Amino acid sequence: MTNSIGEIRDADVLFVIGSNTSEAHPIIAMEMKRAVKRGATLIVADPRAVWMTTIAEKHLQLKPGTDVWLLNAMAHVIIEEGLTDDAFIAENTEGFDAVRERVKSYTPEEAEKVTGIAADDIRFAARKYATTEKAGIYYTLGITEHTHGTDNVYALANLVLMTGHLGKPSSGMNPLRGQNNVQGANDAGATPVFYPGYQHVTDPEAQAKYEAAWGVELSPEPGLDLNVMMKEVGKSIFGLFVMGEDILLSEPNVKKLEEGMNRCEFLVLQDAFMNETARFADVIFPASVFAEKEGVFTNSERRVQRIRKAVEPPGQARADWEILTSLANACGADWSYSGADEIYDEIAKHAPSFAGISHARIDSEVHRGKTGIQWPCPTPEHPGTVYLHENGVMRGKGLFSAVDYRPSNELPDEEYGLFLSTGRTLYHYNCATQTRRESGLDEKQPENFIEIHPRDAKKRGISTDDRVEVSTRRGAVEVRAIVSRQVRPGCTWMPLHFAESRANLLTNDAGDAVTNTAEYKVCAAEVKRIAAKDSETPRFPGTYYSVTGPN
Amino acid sequence: MSDDKRAAIPHGLQEAGGLTDGIARQLSRESGVPEADIYGVGSFFHLLARPSAKIRVCTGLSCVMSGANEVLEAAKKAGLPCEATSCLAGCDLPPAVLRDRRVLPSVSIADVERTGGDWEQLDSSAIAPGEEWRGFVGPERTNPDELALDLLGPDDKSGKSFQRAVELGANGVIEAIESSGLQGRGGAGFPAHIKWRGVQGQSETKRYVVLNADEGEPGTFKDREVMLRRPYLMLEGLAIAAHAIGASEVYLYLRGEFEVPWGIVERAIADVTERGIYGDLQFHMHAGQGAYICGEETALLEALEGKRGMPRLKPPFPVEVGLWGKPTLIHNVETIACVPSIVARGGDWFRELGRAEAGTKLYCISGHVKQPGTYELPLGITLDELLEVAGGVIGKLKAFSPGGASSGFLPASKRDLPLDFKSLGSVGSMLGSSGVVVLNDTVDMKWAALEQLRFFEAESCGQCAPCRIGTRYLREATEDNLDHGAAGGTTARGLAHVADVAWQMNEGSICGLGQAAPLPLTSALQYFPEDFQS
Amino acid sequence: MIQETQIRINGEKHSFRPGETILDVAGRAGVEIPTLCHDPRLKPAGACRTCLVEVEGQRKLLPACATPATTDMAVVSESERVDRHRKTLLALYATDHPSNREASERGAPDELLDMIENYRAPTDWGAMASVRANRHDDRNPYIHFEPDTCILCARCTRYCDEVEAVSAITLAGRGSETTISTVDGLSLLDTSCEMCGGCIDVCPTGAMGEKMPLTRGDKPERELEKVRSTCNFCGVGCQVDLNVDREADDGAGRIVKVTSPPTGTTTNDGNLCVKGRFAYDFVHHPDRLKVPLVRGADGEFYETSWEDALQKAAAGLQGVSERHGKNGLGFVSSSRCTVEENYLVQKLSRAVFGTNNVHQCAAT
Ligand SMILES: Cc1cc2nc3c(=O)[nH]c(=O)nc-3n(C[C@H](O)[C@H](O)[C@H](O)COP(=O)(O)O)c2cc1C
Ligand code: SF4
Ligand code: SF4
Ligand code: SF4
Ligand code: FES
C-alpha cells in the first residue's frame, strides 16, 4: 500500500476493485464502512456482488477478466473531460502521451459492450474518482490473479498517475495483502530476483554487498518464480524445501503438479501440521506457530510489528528460525543466531529501507498512537513512513504504461459454458490448515460450495443445496450448490479452502506474462447436478445477504 | 436502503399481521432494512409484538375502578385471546376494551360472555350496532364566542382561517400566536411561539410539522374528541403552522388504537387535498403500534422514522434536529386546534379566555364522577368548578390526579387550586394533559399508586437505567409493602429507599416518563401515609 | 483553521476543539468521569447515565459523553449532587445485577462491579431477579450472551450496526424486559452475524462473552496473562492480546482467549475479525506435529531425533544439488512465517545452496 489503513476512514472516494474486502480483509473493510458512514463514496468493481456492494454507491459488475476495458475507459473519460492533473503529470511522470493515444478507442460505450457495465456508470466512477482529492484505489487478488494481472495493475497505476492521487493522505494505490506476512516475506528477499529490501540479484553492487556480508559467492542469475518452479518440478527441479505451505492445495492445476512431484527426488517439509504435500515428503520438521516464537510480521501498510512467544511449542517442535539455523549448519554453514532480534538486525544492516528498525525499537515506541514501524525507515530516529511518494514519486518518475485488453487465457465455450472464479471466504483462511481445525469456523462453513446464478441453475435443473459436479479441462470436484444472485449470469464462484474438493484441481495455471501469477480468477467450467439436497435445513444459513440483481 | 423504507417498517409489520417468526426476514428482503432492526422494532410495540392478543382490556385506573379486571377475567374464561393493556384513552366510558385496533366503550361482562369465545363477535351493548361512538362533551354551548375549540359547534370546512393566515404572513401569524399566550397542551405547557420562531429561524429550509395524536396519558381522551368532532379545525391548524414555519409536509402520528378517529381524519385529509384549499401541502398519516412512550415527542420522531420508540437526548431539540434531522415543529392535537381561532379572532381574544394562563382548555374528567367527559373551560378553573359542570363526585372525594398518571395524586384539600400549569407545578404536581381522575374514599392509595407504577413499568422504553430499573424497583417495593406491611418483606426492601430511587429517577432519567414515574408513589406516601401502615 | 476555545471543568480552564464532548476534554485533562455505555468507536448514546455532570445554567444533569463542549461552559464533575447521583444510580444498577464476582466474572472483568466499589455505592437495596430473556440455546460456537449481567448499555448492538455494519443483534422487547436478541431469537449462525466478536470486546460487564472458555471452564480473564502479538491470518496485521493461562499444560501455557488491545492504540483500533479473535484452537490442536519424521525404505514415516532428521535433510538436498546442479533445487518459503524466517530461507537458498530459486508461496 502506498498509503495507510488509518487513512481510509478519512477518504472521500474509495475505488475498490477485485477485492472482497469484508471477507478477505475484514478490518480494512471496517475502516471503509466507517468512511462510508461519514459520507464517503464507495465504488466497487467486481463480477460478484460482494458484501461491500451493499453499502456502495455504485457496483460495477463487470464480466470476469475485462478489467482493462473498464480502467482504460475510465482513463478515456478522465482525459476527454479534462480531469487530469496536468501539473502532477508534467512534474512527476513519464509516458503519458502513449496512454492518451492508447485509450482513445476505449470509449465508455464500447466498454459497456465488453464489460457489461453501463457507460454512464463508467463515467460516474471516472468523474468521481478524478475530481475528488482524497480518492484511493484498493485492490486484491481479483486484479492480480489473471494472465493479464500486470496489465490490470498498470491500468490502475495510470489512473492514479494521471489524476495525481499519489503522495497525499487517503489516496494512492493500495494492494491489500492476502496473507499476514506477504509484504514481510517479499521485503526479506524470499523472491527469486531480490535480496532483502528489493535489491536486485542482477545488480553487481547488491551482489557484492551480500557476498561480503555472508562470506560466500552468490549467483547473479535470477531464480525461478513459484509458478514456473512448480511447472519445472520433475523437469529441472528435483529437490524442494518447503516451509509452512501446502503447495499441493494452494497451487493451480494440482494434477500436473502431482505428476511432477512423482519425479521429484527429495522433499523437505517444515510445518506445524501434516498436509497434502507431505505425501511426497522425505523429511518433515515439526515447526512452531506464531504464538510460540519471537519475530516480526509486516502488514499491507508496510508496518513492521512484533509477534511474541506466548506458549511453548508442543513436544519437540521448534521455532522455524531455529530449525533453519540448524539445517544450514548441518549443510556446513556456520550460523549462530541467539534470537530473532539478532536476525532482524542482520536484515536491517544491509537493507536501507529497514535500517532504522529493530525489535527493541518496536517494543518501546508508539508512533501516532499506533505500535509498529512503517518502512521506509532509514535511521533509528526516523518515525517511519505513513504514505509513500510524499515529495514526488520515489526513485525518479512515475511511469505510465499503455496497455491493451487481452482476453483471459480460457473463456467459456460449448463444452464448458460458465466462468469459474475462486476466492476466499471470511470463515476460512487459504489452505485452511488452521481454520478448519477450528470447530467454530467449521460449523459456520463446513464444506465447499459453488455459487451459481438462478438463470444458469434453472437451465441445469439445480437448486440450492443440491450436490453438483464442477468440471474444467483439468479436473472435476463435487460440491454443494448455492443458487445466488451474488454472481453474474454466466458466472460461478467457489472458495479455495477445502482439501476434500480442491478448487485448484479446476483452476488454470496459465501465468501472467511478467509475474507468472496464475489465473485463479477466470477459467471455463461446467456444472452438473448429481444429487438432490439431503436435508431441509440449509447448510449455509444466513451468510447470504439479500442481493437484487438480474433474474 | 432509504429512509422511507425504514419508516414503512411498522406499517409493514402491521399489514403482515404483526411480528411472527419469519416476518422480519421477509420484510428485510423486501426493504433492505436489517432483519434484526425490524425484529427490534416489532418487539418494542405491543400491538406488533404479541399479535395473537386480539382483545386487550384497559387496566388504567379509571377502567379498573369500573371493573376492568373482572371483564378481563371473564374474557379469559370465555376463551378470548386477550391480555391487559395500558390506558386506551377511553376513561370516560369505562371499561374500554380494544378489539384488534378498535376501542369499544363500556364493555360489560355480559358483552364478553355473549361472544362465545369468538373475539370478532365482541361488541359493546352501550352502543347501537354499526354506530360510531363519541364521548360526552360539555358544558352546554351557551356562548361559542368564548370557546376556542367549540367541540359542539359545526366543523368549518372552508379554510377561512388559513386564508387569513396567508394574509397575515408568517410573521403576522407567529405574532398572533405569541400574543395569544398559547402553551402546549400535550403536557409540558411550553410557549408555542418560541417553537415556531425556533423552526422559522433555522438555516435548513426542509422543515416538518408533526402532529402528536398519540394520546396515551392515563385519564386523557380530549384529542380523541377533537379528531372525532372537528377534524377540519385540526387540519386547518396544521396548515397554518406549516405555512408559518415554511413546511411542505405534515406528519400525523395517531395512536394505533384510534381506528375510528383515523378514518375520520383520513376522510377529511382526502377532502381538503382534493379541494386544494391548502395548496400543495402534503399530509402523511402514521399509525402508532402500542407504546405510550411514543407520545414523548422525540420517541415519536424515532417511531415515525421506523425505529424503536426510544426518546432522544435533548438538547438538541426537535426545533433544530427533528424528523430525519430536519427542523421540526411538533404539537399536540389540542394545541394545534387552538390555532385557527387565534388567527381568525386575534391573540388577545384567546388570551382573555383564560384566567391566570391563556385560553380555554379541554379538561378530561373520569373516575368517581357523575358525568365523565371532555369539558372546554377557561384555563385555571378549580377542581370544584370542574366537578360542578360534571355533575359532582360519586361518594366522598379523597384524592385526584390533575393531569394524568404523571401528575401523581393530590388530596381533596387541594380542590381549590387553579388547574393550570403554574399552580399545579408549584405543589410538585402538574397540569400535564389535564386528564383529571377523581378518587373517592373507597380507594386505598397504596393500591392506586401501585396501579400507576405498573403502568409506567410496562411503558418504560427501557433505554436508560434509572427508569428501566427504577420503575420495576418501585413497583416491586410497593407490592412488597402491600404483602408485608410497613415492616417490609422477605427481600428487606420495602419502601426504605423510595426517596433515593425517586430522586435518582428524577435526576437521572432521559425523559419525562422516568422523571415522573415515581410521583404517584411519592405523592401518595406524602399525602396518605396512613394507607401504607397496614 | 482549527478554532481553540475553552471550557471550565471544576474551575479549571481547558481548551477544546469543535466537536469534542465534555468527556473528551475531561479525558485529556485527566478528570475522571465514569462511563459504561461510552465507546470512542460509537456515537454517544447517553443511556447508562453514569457520566452525568452539572453544567452551569442547566436545570438537569447532562451526560458528559454526549454533550458537546461549548465556549465558556462551566462543568462540575465532583459535587454533592453528582456524588448522590452516582451512588443512587449505581445502587439501582446493583439491584438488577449479580453482586458477586464469581457469578458475574466467569469470563471478562465486570466494570460495573468495579464502579460500584469505587464510588462506594450502597449494595443493600435488595435484589431483583433478571427478567431479560436469554438465548442459551444458540448453537453458535463463540459468543455467549448472559442476560443476568447485561446492563443494556447497547454498546454491542451499536457496535454491530455502526462499526461492523451487519446489524445482527438488536435491543428487543422494552422496559425492564428489554434484552439483546437476534431476529426471531435465532442462533447467530443463522443471521447476518460475521462473528467478529466486537460485541464481546465492547461489553463492559462481560454479559457478551466468549463461549469456549466458559464451556471449558477456563480461568477468568483477570487471572490470565496477556501477551501482545500480531494476528497470523491476513495482511491487515491486527494486534492481538493472547490471554495465556501460564500454569496450564504443565507450565507450557495455554491460550485461553484472544482479546483486542484498547481502541486508539493499534492499527485495528480495538477491532478484530472472526479469525483473529476466535481461530486459535489450532495452536493447541492434537494434530500438531511434535516429532521430526523421516520416510523409511518402506515408504512410511518414522519418528526420529532432530539430529537424524537434520542430517538426512541436509544430505538429501545436497545430493540433488550435486546430481542436478545448484538450480535443481527450489526453496518455497511462506508468507505465514516471520520476516526473520523468510530471510533465513532465502539465505539458505542463496548462501548455502547457491541458487536464487526461492519464492514465497503467495502472489500478493
Ligand atoms: C412520557 C411522555 C408522554 C407524552 N405523551 C404525550 C401525548 O400522548 N400526547 C402529546 O401531545 N404529548 C405528549 N407528551 C408531550 C410531548 O413530549 C410534547 O411535549 C408535546 O407533543 C409537544 O406539543 P405541545 O407543545 O403542543 O404540547 C408526552 C411527554 C412525555 C414525557
Ligand atoms: S426515562 Fe424511561 S421512557 Fe424515558 S428514555 Fe429513559 S427508559 Fe425510556
Ligand atoms: S450485552 Fe454487554 S454490551 Fe450488550 S447491552 Fe448488555 S451490557 Fe451492554
Ligand atoms: S483479525 Fe482478521 S482482519 Fe485482522 S489481521 Fe487477523 S484475519 Fe486479518
Ligand atoms: S457514558 Fe454517558 S450516559 Fe453512558
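Data for the structure
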quantity: Rounded to whole Å, sorted largest first: equivalent-ellipsoid semi-axes of segment C:116-251, Cα gyration tensor; calculated: 27, 22, 15
quantity: Within segment B:1-30, backbone nitrogen closer than 20 Å to the virtual label 7 Å beyond the Cα of B:D280 toward Cβ; calculated: B:4
quantity: Burial ranking of peptide ranges C:160-167, A:255-262 (average Cβ count within 10 Å, highest at the top); calculated: C:160-167, A:255-262
quantity: Relative contact order, percent, chain B [alpha-carbon distance under 8 Å, six or more residues apart]; calculated: 14 percent
quantity: Euclidean distance between Cα centres, segment A:46-113 to segment C:1-60, Å; calculated: 47 Å
quantity: Cα Rg over Rh - segment B:361-438, Kirkwood; calculated: 0.91
quantity: Potential lengthening between B:V427 and B:E204 on full extension [0.36 nm per residue; Cα-Cα distance subtracted]; calculated: 76.2 nm
quantity: Where the protein assembly as shown is the region considered: accessible area per residue in Å², 1.4 Å probe; calculated: 35 Å²
quantity: Förster-model FRET efficiency, 35 Å R0, B:K314 and C:E102, C-beta, rounded to 0.05; calculated: 0.30
quantity: Debye intensity ratio I(q)/I(0), log10, chain A, q values 0.07, 0.11 Å⁻¹ (C-alpha model); calculated: -0.42, -1.11
quantity: Percentage, to the nearest whole number, of Cα pairs in chain B over 43 Å apart; calculated: 13 percent
quantity: Euclidean distance of C-alpha centroids, segment C:154-169 and segment B:389-411, integer Å; calculated: 47 Å
quantity: Cα-centre dipole for segment C:6-78 with unit charges at Cβ (Lys and Arg positive, Asp and Glu negative), debye to 20; calculated: 220 debye
quantity: Separation in nanometres of the label points that stand 7 Å from Cα toward Cβ, at A:Q316 and C:D308; calculated: 0.8 nm
quantity: All-pairs Cα distance distribution in segment C:6-78, expressed in whole percent, bin size 5 Å; calculated: 3, 19, 32, 27, 15, 3, 0
quantity: Residue-averaged beta-carbon neighbours from other chains (10 angstrom radius) around C:264-271; calculated: 6
quantity: Inter-chain shielding of B:503-509 (mean C-beta neighbours from other protein chains, 10 Å cut-off); calculated: 6
quantity: Within segment C:133-203, trypsin sites (Lys or Arg not before Pro) in DSSP loop having at most 13 other beta-carbon neighbours inside 10 Å; calculated: C:R139
quantity: Nearest 10 degrees, 0 to 90: helix C:80-95 Cα axis against chain C principal axis; calculated: 60 degrees
quantity: Proximal charge balance of B:L254 [Cβ under 10 Å; K/R count +1, D/E count -1]; calculated: -4
quantity: Rg to Rh, two decimals, where the protein assembly as shown supplies the alpha carbon set and Rh follows Kirkwood; calculated: 1.03
quantity: Full-extension gain in nm, B:W324 to B:R141, via 0.36 nm per residue minus C-alpha separation; calculated: 61.6 nm
quantity: Nitroxide proxy distance, nm - points 7 Å out along Cα→Cβ at B:A110 and B:K396; calculated: 3.3 nm
quantity: Cα centroid separation - segment C:235-310 against segment A:12-40, whole Å; calculated: 30 Å
quantity: Those GluC sites (Glu not before Pro) in segment C:263-360 that DSSP places in a loop and that have at most 10 other beta carbons within 10 Å; calculated: C:E300
quantity: Unpartnered cysteines - no second Cys beta carbon under 4.7 Å - across chain B; calculated: B:C82, B:C87, B:C91, B:C294, B:C338, B:C364, B:C461, B:C464, B:C467, B:C511
quantity: Check: segment B:55-121 dipole with +1 on Lys, Arg Cβ and -1 on Asp, Glu Cβ, in debye; calculated: 120 debye
quantity: Residue-span extension gain [C:R323 to C:N118] - 0.36 nm each, minus C-alpha spacing; calculated: 66.3 nm
quantity: Label-point separation in nm, C:A29 to C:V76, each point 7 Å along Cα→Cβ; calculated: 1.5 nm
quantity: Debye intensity ratio in log₁₀ form over the Cα atoms of segment A:315-360, taken at each q of 0.24, 0.25, 0.26 Å⁻¹; calculated: -0.88, -0.91, -0.94
quantity: Amide hydrogen neighbours beyond the local backbone of A:S288, cut-off 5 Å, H modeled; calculated: A:R318, A:D320
quantity: Global size of chain C as Cα Rg and Dmax, reported in angstrom; calculated: 27.3, 91
quantity: Chain A: calculated mean residue ellipticity at 222 nm from DSSP helix runs of at least 4, using -39500 (n - 2.57); calculated: -8500 deg cm²/dmol
quantity: Cut-off 11 Å (backbone N to label point 7 Å along Cα→Cβ of B:E259), residues of segment B:114-139; calculated: B:120-123
quantity: Total accessible surface hidden between C and A, rounded to 100 Å², 1.4 Å probe; calculated: 11200 Å²
quantity: Percent carbon-and-sulfur accessible area, the protein assembly as shown, ignoring ligands, DNA and RNA, probe 1.4 Å; calculated: 48 percent
quantity: Bridge type composition, chain B - antiparallel percent by DSSP, nearest 5; calculated: 45 percent
quantity: Test item: C:222-231 mean partner chain Cβ contacts at 10 Å; calculated: 5
quantity: Sum of -39500 (n - 2.57) over DSSP H runs of 4+, divided by residues of chain B (222 nm, nearest 500); calculated: -12500 deg cm²/dmol
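The values are calculated or read from the model by the stated rules, or taken from the named source; none is laboratory data. Values in this document were obtained by computation on a predicted structure and should not be read as measured data. Cβ: placed from backbone, ideal geometry, glycine included. Neighbour counts: every protein chain shown. With ligands, DNA and RNA removed, areas are computed over all heavy atoms of the protein, side chains included. Shrake-Rupley method; radii C 1.70, N 1.55, O 1.52, S 1.80 Å.
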